[in-house]
Amino acid sequence: MDPNIAEVEKELKGIAASAAEPAPSRNGLTERWASPRFRRKVLGAAVIVALGTLGLIYYYHGRVSTDDAQVDGHITPVASKIYGNVAEVLVNDNQHVKAGQVLVRIDARDYQAKVDQAKAALALAEGQAQAANVGVPWTQETTASGTSGAEAQLAAAQAEFEEKQGVYEQASTAELAYARANVDARQASSDRAQADLARMKPLLAKAEISQQQYDAYLAAARVAESELTAAKERLAAAQKTAEVARSAMLAKKAKVDQARASVEQAQANHKQVSIRQADAVAAEAAVAQAKANLEAAELQLSYTTIASPLDGVVTKKSVEPGQVVQPGQGLLVLIPLQDIWVTANFKETQLENVRAGQKAKVNVDMYGETFPGHVDSIAGATGTRLSLLPPENATGNFVKVVQRIPVKIVLDPIPPEKAILRPGMNVVATILTK
């Protein structure tokens, strides 16, 4: 049975016992009981006591209460994100502040200088990126023009080489063969003329032929010899012409090889386009890096102004102008008084019928008033289990103790002029289970 109901029943039984206490004299009581008026009073008192008892039992049967309850709320510590000297402190303890209101300013000169350096680095990176992007099409056009020129020179040199090669082939084959055949023919004619002359000479000595006939054979031999000499000279000239044509052909071939090397060099220079494109990509990456550095520097600069993240009251201020603060160092605490709730630690034996959404009442010691609310949730573990040093029940001296489980009770909106609840205030929480 609920302890509150047991106490009420005990008090009612005491009242009933007092009302039914017998008179000192049995005879006097008998006489008084014989009076109808007295009997009506006694029966009326008994009925009143019974009705009161039943009313109290009914009243306390559908509710559970605990005085182990406190007002709870968000406690937001405000800390510095950077290192520096505190230039200004613009709030005082217990001062109400709005979200976005400046609380503390840190000397921003060092961080402003870093922002300026980051801006200069970004401008330099953007200039380099622009130059790299301009260099890509310029390199493409230059290498394309060089390649086209080299290919044109190669085509011209190839044509000249083929022309000289044809001349050389003609000079070294047809003309040279003709000259050699002509020499052979003239050699045969000369040999025949010399043979005829040799046969005619003995006949001249015997006077079998005339001197005129002999002179004709002699002239024919001399003509054949002259023609042979001329044919040999033409053969030598043809051979020299072939050598000259060969030299010209080889010269053109060297020019073709040179033009081909120029084409290959131009094609190799075309790879510079990829290099320029890679340089442009690297320059764009440098711009992105410079932008990121600038954003980081500006973010650090923004940390020199510490603003309130919410509406609340300044508490536990521990920062003063001129103080050197470190990253993560606490400066003050903000408490939003408009967002509070009650944490009530009920006994585990009281929570059998407690559910989320049930109505609740909270009596505040400071004001002596009761404020309505509802059960928001029930904790997933007992308070001792969530403590810094939870109990270890595996020892031999275990004593069973009734545990308490935190219950979150959300209050209905309370006008500020009526009451202001602050975290840590003591209250008595009651949950209406029925």
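Between GLU264 and ARG180, what FRET efficiency comes out of the Förster formula 1/(1 + (r/R0)^6) with R0 = 56 Å and r the beta carbon distance, rounded to 0.05? For ARG180 and GLU264, the calculated efficiency is 0.85. Over all other residues within a Cβ to Cβ distance under 14 Å of GLU243, the charged ones net out to +1, with Lys and Arg as +1 and Asp and Glu as -1. Per-residue Cβ neighbour counts within 10 Å put ARG246, ARG186, ARG355 in the sequence ARG355, ARG246, ARG186, beginning with the fewest. Our estimate of slack between SER226 and GLU417, defined as 0.36 nm per intervening residue step minus the Cα-Cα distance, is 54.0 nm. Among residues other than ASP339 with Cβ under 11 Å from its Cβ, the summed charge is -2 (Lys and Arg +1, Asp and Glu -1).
Remark: relative contact order (segment 325-397) = 19 percent; criterion is Cα-Cα distance under 8 angstrom and separation of 6 or more residues. Annotation: amide H of VAL78 within the under-5 Å range of LEU331, LEU332, VAL333, LEU334, sequence separation 5 or more or interchain, hydrogens built in the peptide plane. Ranked by the mean number of other Cβ atoms within 10 Å of their residues, highest first, the peptides 119-127, 203-211 come out as 119-127, 203-211. Between the C-alpha center of segment 203-224 and that of segment 114-134 there is a gap of 108 Å.
The string of couplings for segment 228-244 from the Karplus curve (6.51, -1.76, 1.60, θ = phi - 60°) is 5, 4, 5, 5, 5, 5, 5, 5, 4, 5, 5, 5, 5, 4, 5, 5, 4 Hz, one whole number per residue in order, with x for Gly and Pro.
Throughout, read-outs are computed from the coordinates displayed, never taken from laboratory work. Keep in mind it's a predicted model, so treat the numbers as computed, not measured. Because the Cβ atoms are built from the backbone with ideal geometry, glycine has one as well, and the counts that use them run over all protein chains shown.
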